[in-house]
Amino acid sequence: MNSEVTNSTGHPKGLYLLFFTEMWERFSYYGMRAILMLYMTKALLYDKNFASGIYGNYTGLVYLTPLIGGYISDRYWGNRKSIIVGGIVMAIGQFLLFLSASVRESNWTLAGTFFFMGLLALVVGNGFFKPNISTMVNQLYPPNDKRIDAAFSIFYMGINLGAFFSPLVCGTLGEKYDYKWGFLAACIGMIFGLILFILFKDKYLITSTGEPVGGKPTRKIDELVENTPQAKQEFDVRRILTWGIIAVAMLFLFYFVVPFTQYDFVSTIIFGVSIPAAGFIITDPTLTKAEKSRITVIYIIAFFVIFFWAAFEQAGASLTLFADKQTDRFIFGWEMPASYFQSINPLAIIIFAPLFAVLWTKLGQKNMEPPSPMKQAIGLFLLSIGYLVIALGVKGVTPEQKVSMFWLFSMYILHTLGELCLSPIGLSMVAKLSPARLASLLMGVWFLSTAMANNFAGMLSKLYPVQNPETGVVESTHFLFFEISNAYEFFMLFVVMSGVASIILFLLNKKLVQMMEAKDE
């Protein structure tokens, strides 16, 4: 392998360019997110419920637009151009937020205009950036290379390195000085990552034989079927049917589901697009039987991923409430802020991701590495065990009592280990199983499952039973036919949900592996 593009660890140098590019983009995203709610409620003086709605819609759309960005990349632009365009648009979005915070005292209306323009730019830019940077990791390696899972574990560490430092930098600047400096720091981080990518992409983003990766697609779907009129007609009919199904699904959700679930219009769009978009891809007339089999595996795994992230993302909702209300946070007389628990996950990933990368590589060399579905089943199992730990810690504890932070710390460590078995492996799996011409689009579908999970997480977090401040009585909630009257029962919900999903995925492992290895006759 060319020594110019491979370092001493045996991975292409292009992997580390993507690592640092993604690290700075995540620094930008998580830095802005760390002060977003504070800026809306304390600076723009938005109502808490209104601000929460904006936050939920924004994070949901962030995981929806990669589907669109992936489609444009696969058909027209390619990975490189999509990443550059996405990075530029996101930098503009961060700068608009800086302008919003700069003029908020002199012109509140203009500040609001800049604010929403900035969020829109971030949503659009992320759609082009996110699916393409992940897809390029796989392209650096030969087909069936055993280092790919390890590569995605390293790449995933870059995501969390940015996520760990950004709240410390942007949060301190925003809260201690002025929000505009926090947004400006996020903007500079995005620009720095973009410059890094542009300067070194041609030198390092190449295969072991020196061929550039991530360029403009050489064949469009229309060109693949232009010599077969019947296939072209099927493609057009399929496209019309897909849009029709999306429209019907949205109407059904909006008029029949939303009134009962309290979902808003953006959530309706996310759920309304998901299944029809997946159907549009799998019915592509240019796909072979083996390709359809591998794409089906992506869909099945994506379904199980919803259960993982719906439970995992309680960290920003119900688990934060638990840390604030029922966790003893005193250390030698100093009370640790509840928000500090959010640093445990990215810090643990930074520590453990290299170990997992080595583990997968060593097991691969001995032909003992578990297949991707098995790794993800293990991830769901570790998530379930994590919730079991916290459930046992609060069993029999009254709302007035507080438990040791050991329980919450232990749970987050187990969740991190589960995440390392599931999330980077999922990115690797999608990249390996996707047909090259649909790789970014299918990465968008993968992120779409995360969008659905975030919405589901919001619904589940409402089930956390809280004590009425006036009566002192804990107000019970209900999930299906079960009553949840304390923290133990709430956490056991996630033990069962993720545990059952883990068992089912484990039982499906052999069949999924066969589908992944399907070949055309």
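The values are calculated or read from the model by the stated rules, or taken from the named source; none is laboratory data. Keep in mind that what you see is a predicted model, and the values were worked out from it rather than measured. Glycine also receives a Cβ, built like all others from the backbone with ideal geometry; neighbour counts cover every protein chain displayed.
Before moving on, here are some points about what is shown:
- Considering region 32-46, and only residues there that are among the hydroxyl-bearing types (Ser, Thr, Tyr) and either in a helix (DSSP H, G or I) or under 21 Å from ASN79 (Cβ atoms) (or both), the residue that is modelled with the lowest pLDDT turns out to be THR41.
- Close Cβ contacts (under 8 Å, 6 or more residues apart or on different chains) running from residues in region 104-116 that are under 15 Å from GLY93 (Cα atoms) to residues that are charged (D, E, K, R) and surrounded by 15 or more Cβ atoms within 10 Å (Cβ to Cβ) comprise ALA111/ARG104.
- Of everything listed in (1) modelled with pLDDT of 80 or more; (2) assigned to a loop (DSSP other than H, G, I, E, B), the single unmet condition for SER8 is (1).
- Test: residue in region 312-322 that is touching a helix residue (DSSP H, G or I) at 6+ places or on another chain (Cβ under 6 Å), at pLDDT 70 or above and not in a helix (DSSP H, G or I): no
- When LEU438, LEU417, LEU383 are checked against the criterion of being crowded, with 24+ Cβ neighbours inside 10 Å, in contact (Cβ under 8 Å) with a residue 60 or more places away in the chain and in a helix (DSSP H, G or I), LEU383 stands alone in meeting it.
- When residues of region 156-175 are limited to those that are in contact with a Pro (Cβ under 7 Å, 6 or more places away or on another chain) and among the aromatic types (Phe, Trp, Tyr), the one surrounded by the fewest Cβ atoms within 10 Å (Cβ to Cβ): PHE164
- Unmet criterion (only one of (1) basic (Lys, Arg); (2) farther than 28 Å from PRO435 by Cα; (3) within 21 Å of the chain's Cα centre (by Cα); (4) modelled with pLDDT of 80 or more) for ARG104: (3)
- Members of region 351-369 found to be crowded, with 18+ Cβ neighbours inside 10 Å and not acidic (Asp, Glu), listed by number: PHE352, ALA353, PHE356, ALA357, TRP360, THR361
A quick yes/no check of all residues on (1) in contact with a Gly (Cβ under 9 Å, 6 or more places away or on another chain); (2) of a type in the set (Val, Ile, Thr):
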{"site": "PHE303", "(1), (2)": "no, no"}
{"site": "ILE306", "(1), (2)": "no, yes"}
{"site": "ALA323", "(1), (2)": "no, no"}
{"site": "PHE352", "(1), (2)": "no, no"}
{"site": "LEU382", "(1), (2)": "yes, no"}
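- Test: residue in region 17-31 that is within 20 Å of the chain's Cα centre (by Cα), part of a helix (DSSP H, G or I) and surrounded by fewer than 17 Cβ atoms within 10 Å (Cβ to Cβ): no
- Extreme residue, nearest to the chain's Cα centre (by Cα), among residues of region 170-209 that are at pLDDT below 80 and in a helix (DSSP H, G or I): GLY171
- All conditions but one from (1) touching a residue at least 40 places away in the same chain (Cβ under 8 Å); (2) in a helix (DSSP H, G or I) apply to PHE406; the one that does not is (1).
- Residue match in region 24-32 (condition: touching a Gly at 6+ places or on another chain (Cβ under 8 Å), of a type in the set (Asp, Glu) and either touching a residue at least 12 places away in the same chain (Cβ under 8 Å) or not assigned by TED's automatic domain parsing to the domain that holds SER343 (or both)): yes
- Filter result (hydroxyl-bearing (Ser, Thr, Tyr) and closer than 25 Å to GLY10 by Cα) within region 322-364: THR361
Residue-by-condition table, conditions (1) in a helix (DSSP H, G or I); (2) of a type in the set (S, T, N, Q); (3) not assigned by TED's automatic domain parsing to the domain that holds ILE344:
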site	(1), (2), (3)
GLN94	yes, yes, yes
PHE114	yes, no, yes
MET117	yes, no, yes
PRO142	no, no, yes
SER153	yes, yes, yes
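- Test: residue in region 360-370 that is assigned to a helix (DSSP H, G or I) and within 19 Å of HIS415 (Cβ to Cβ): no
- Restricting GLY56, GLY93 to those that are of a type in the set (Gly, Ala, Ser) and at pLDDT 80 or above reduces the list to GLY93.
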